[in-house]
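The next block holds one structure in the form of structure tokens; read it before the comments.
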Amino acid sequence: PKLIKETIEDAGFPVKEFSEQQIAVCRLRIKGMACTSCSESLERALKFLDGVKKAVVGLALEEAKVHFDPNITDSDRIIEAIEDAGFGADLISSGNEANKVHLKLEGVSSVEDMNTIKSYLESAIGVNHVEMDLEEKRATVNYDPDFTGPRSIIEAVQEVAHGSYKASLYIPPRQRETEQHHEINNYRNQFLLSCLFSVPLFIFSMVLPMLPPFGDWLEYKIYNMFTVGLLLRWVLCTPVQFIVGRRFYKGSYHALRLKSANMDVLVAMGTNAAYFYSVYVAIKSLSSDTFKGQDFFETSAMLISFILLGKYLEVLAKGKTSDALAKLTDLAPDSACLLILDDDGNVVSEVAISTQLIQRNDIIKIIPGEKVPVDGIVIDGQSYVNESMITGEAQPIAKKPGDKVIGGTMNENGCLLVKATHVGSETALSQIVQLVEAAQLARAPIQKIADRISRFFVPAIVLTAFITWLGWLIPGVIGIYPKHWIPKGMDKFELALQFGISVLV
């Protein structure tokens, strides 16, 4: 920030309201979000945290991007705040990931070994910061790409103690794919378990009563007005309500703690109202020989089943979104041919290395039919390069010394020697991936309006249901509608309650 201020002032413009505070950025994967109301309430919870300047939570990506003052808070406190709000969180990245390399260390057994490697790396040219993890035997190194790179850092580790230690590039596993696969399977299994009870319940409630004489046995009275059909519906609905539907209770608890009402609150209220009213109908049927109340057991179970089907389809759609991003990243090749030059610029040898180990100013050899590994400038050779994945242009573009090439494009027919200018997250392909992720995290103006509406949606529904109940109860007490509207064995209060619950469901 100081350098930016000085540069602007050197250009002849005064800088006012200059803030000395540092701003750090971290990206987190969020688990357990059910709807836009969840992302909205989590954003509010993060913004209330001391030191947080800006927080954006994306429901589609299930990620959060948080800008914070590192002098006041850190990523661990942010994760704690997210967990207090009832969601899970994993750190994806913190700080500037552009010039950061993760290494797996071998031959390290003690804190002394770690300290030896750390002090040696910190003294190396271009290394800005080193973090060591003895438990995992890993090192994270921040570096200046103008002076060093991942390959030089690995070589530096292997120089310590005359080659006693070895280092290799550590690529964190793609947790998102594993978690999404687990989430898809989880929702599918929950939906199938719910269907195991809901489908027979639907048949006993809606199908068999319409097919006499097949459904006549459902009307057999066990005691007073308590029938076989009512007992079966009660038994089949209970596991769906309290075992399959447990996730809605947990989601409601966390949402209400944050003083917000999300989809879980609405589902829990609607299904509970239907279920417990039906229990009341069952108990009254046991104690009365004239009561003919209508239960809502099938409504409660089918509602939970439909919502789980919706969630299953939603996580499938989310999986396709992240698959598209992964395929975009995979356009770059995994390996490249690095040329080792002597002091006079003559080629000494060729080495096949991982694309992630390419450093700025490396000379890469690209033969016909190979993909360009990084962005660079052609220094020797002539060829045609297919750049359709970037430009959409189907015609291959002629390349000669001095021309730029883009990582991920296909070399058609000639051999090219390319000097790397942009590596890692600086390449055009990486920038496109970052733009797509940023676009998915950002909200369109219409979505912001929808999110604001969602905050008041649940209270509005509850209020509407309450007004409906009053709208039937008061005319009933006054005597506006005729008494024969009320079913046998039911009173005005129960009739009004039925209408209120119907609106809520």
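The values are calculated or read from the model by the stated rules, or taken from the named source; none is laboratory data. Note that the structure is a prediction, hence the values are computed from the model and not measured. Here Cβ is always computed from backbone atoms with ideal geometry, including for glycine, and neighbour counts include all displayed protein chains. Please note that ligands, DNA and RNA were not included when accessible areas were found on the heavy atoms of the full protein model with its side chains. Shrake-Rupley method; radii C 1.70, N 1.55, O 1.52, S 1.80 Å.
Summary table
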| item | result |
| --- | --- |
| Estimated dipole of the stretch 267-329 in Debye, rounded to 20 [Cβ of Lys and Arg +1, of Asp and Glu -1, Cα centre] | 280 debye |
| Gained length - Asp491 relative to Asp343, 0.36 nm times residue gap less alpha-carbon distance | 43.4 nm |
| Rough spin-label spacing in nm, given labels placed 7 Å along Cα→Cβ, for Ile283 and Lys404 | 7.5 nm |
| Within the accessible area of the stretch 174-332 (1.4 Å probe), percent carbon and sulfur | 68 percent |
| Per residue accessible area in Å² of the stretch 129-236, where ligands, DNA and RNA are left out and the probe is 1.4 Å | 60 Å² |
| Using distinct alpha-carbon pairs, which all enter the 1/r mean, Kirkwood radius of the stretch 282-362 in Å | 19.7 Å |
| Within the chain, helix-based [θ] at 222 nm, where runs of 4 or more DSSP H residues each add -39,500 (n - 2.57), nearest 500 | -15000 deg cm²/dmol |
| Accessible area per residue, Å², the stretch 335-426 with all protein chains present, probe 1.4 Å | 50 Å² |
| The stretch 442-473-the stretch 152-221 distance, computed between alpha-carbon centres (Å) | 31 Å |
| Model label zone, Glu80; criterion: amide N under 12 Å from point 7 Å along Cα-to-beta-carbon; scope the stretch 48-72 | 50 |
| Crossing angle, helix 111-122 versus the chain [Cα axis fit, 0-90 degrees, rounded to tens] | 60 degrees |
| Within the chain: Cβ-based charge dipole about Cα centre, in debye rounded to nearest 20 (Lys, Arg +1; Asp, Glu -1) | 2820 debye |
| Environment charge at Thr227 (Cβ cut-off 14 Å; Lys +1, Arg +1, Asp -1, Glu -1) | 0 |
| Only Lys, Arg (+1) and Asp, Glu (-1) charged, at Cβ; the stretch 116-235 dipole about Cα centre in debye | 560 debye |
| Semi-axis lengths, Å, the stretch 373-499, gyration tensor of Cα atoms, sqrt of 5 times eigenvalues | 74, 14, 10 |
| Dipole of the stretch 335-426, positive direction: furthest Cα of Leu357, Gln395, Val374, with charges on the beta-carbon | Gln395 |
| Rounded FRET efficiency, nearest 0.05, which uses the C-beta distance separating Phe456 from Ser93 and R0 of 45 Å | 0.80 |
| Kirkwood-based shape ratio for the stretch 1-94, expressed as Rg/Rh from alpha carbons | 1.12 |
| Ratio Rg/Rh, restricted to the stretch 335-426 and using Cα atoms, in which Rh is the Kirkwood radius | 0.95 |
| Alpha-carbon radius of gyration plus Dmax, which is the widest Cα pair, for the stretch 146-223 in Å | 31.8, 90 |
| Under the Karplus curve 6.51 cos²θ - 1.76 cosθ + 1.60, θ = phi - 60°, whole-Hz ³J(HN,Hα) for the stretch 278-283, x wherever Gly or Pro sits | 5, 4, 4, 4, 5, 5 |
| Value of Rg to Rh for the chain (Rh from inverse mean 1/r over Cα pairs, i.e. Kirkwood) | 1.13 |
| Residue-span extension gain [Ile8 to Leu211] - 0.36 nm each, minus C-alpha spacing | 64.7 nm |
| Stretch in the chain that is longest and holds no trypsin sites (Lys or Arg not before Pro) that DSSP places in a loop and that have at most 13 other beta carbons within 10 Å | 293-487 |
| Amide proton proximity set for Ala34, modelled H, under 5 Å, gap of 5+ | none |
| With at most 16 other Cβ atoms within 10 Å, longest stretch of the chain clear of loop chymotrypsin sites (Phe, Trp or Tyr not before Pro) (DSSP) | 221-505 |
| Most positive-pole-ward Cα, Val207, Val385, Ala85, against dipole of the chain from beta carbon charges | Val207 |
| Around Ile406: net Lys/Arg minus Asp/Glu count, Cβ-Cβ under 9 Å | -1 |
| Sum of side-chain charges, Cys337 neighbourhood, beta-carbon under 11 Å (Lys, Arg +1; Asp, Glu -1) | -2 |
| Using alpha-carbon coordinates, inclination of helix 445-478 to the longest axis of the chain, degrees | 10 degrees |
| Accessible area (Å², per residue) of the stretch 443-504, counting only protein heavy atoms and a probe of 1.4 Å | 64 Å² |
| With at most 12 neighbouring Cβ atoms within 10 Å, loop GluC sites (Glu not before Pro) (DSSP) excluded, longest segment of the chain | 137-392 |
| Computed E for Asp323/Leu169 - FRET, C-beta separation, R0 30 angstrom, nearest 0.05 | 0.75 |
| Dimensionless Rg ratio for the stretch 443-504, taking C-alpha atoms and the 2.2 N^0.38 Å reference | 1.61 |
| Calculated SAXS-style log₁₀ I(q)/I(0) at q = 0.13, 0.24 Å⁻¹ - the stretch 100-169, Debye, Cα scatterers | -0.29, -1.04 |
| Two-site FRET efficiency, Thr290 against Asn185, from Cβ-Cβ distance with R₀ of 56 Å, rounded to 0.05 | 0.65 |
| Full-stretch length increase - Glu159, His129 - with 0.36 nm per residue and alpha-carbon distance subtracted | 8.9 nm |
| Rounded tilt (10° steps) of 36-47 against the dominant C-alpha axis of the chain | 60 degrees |
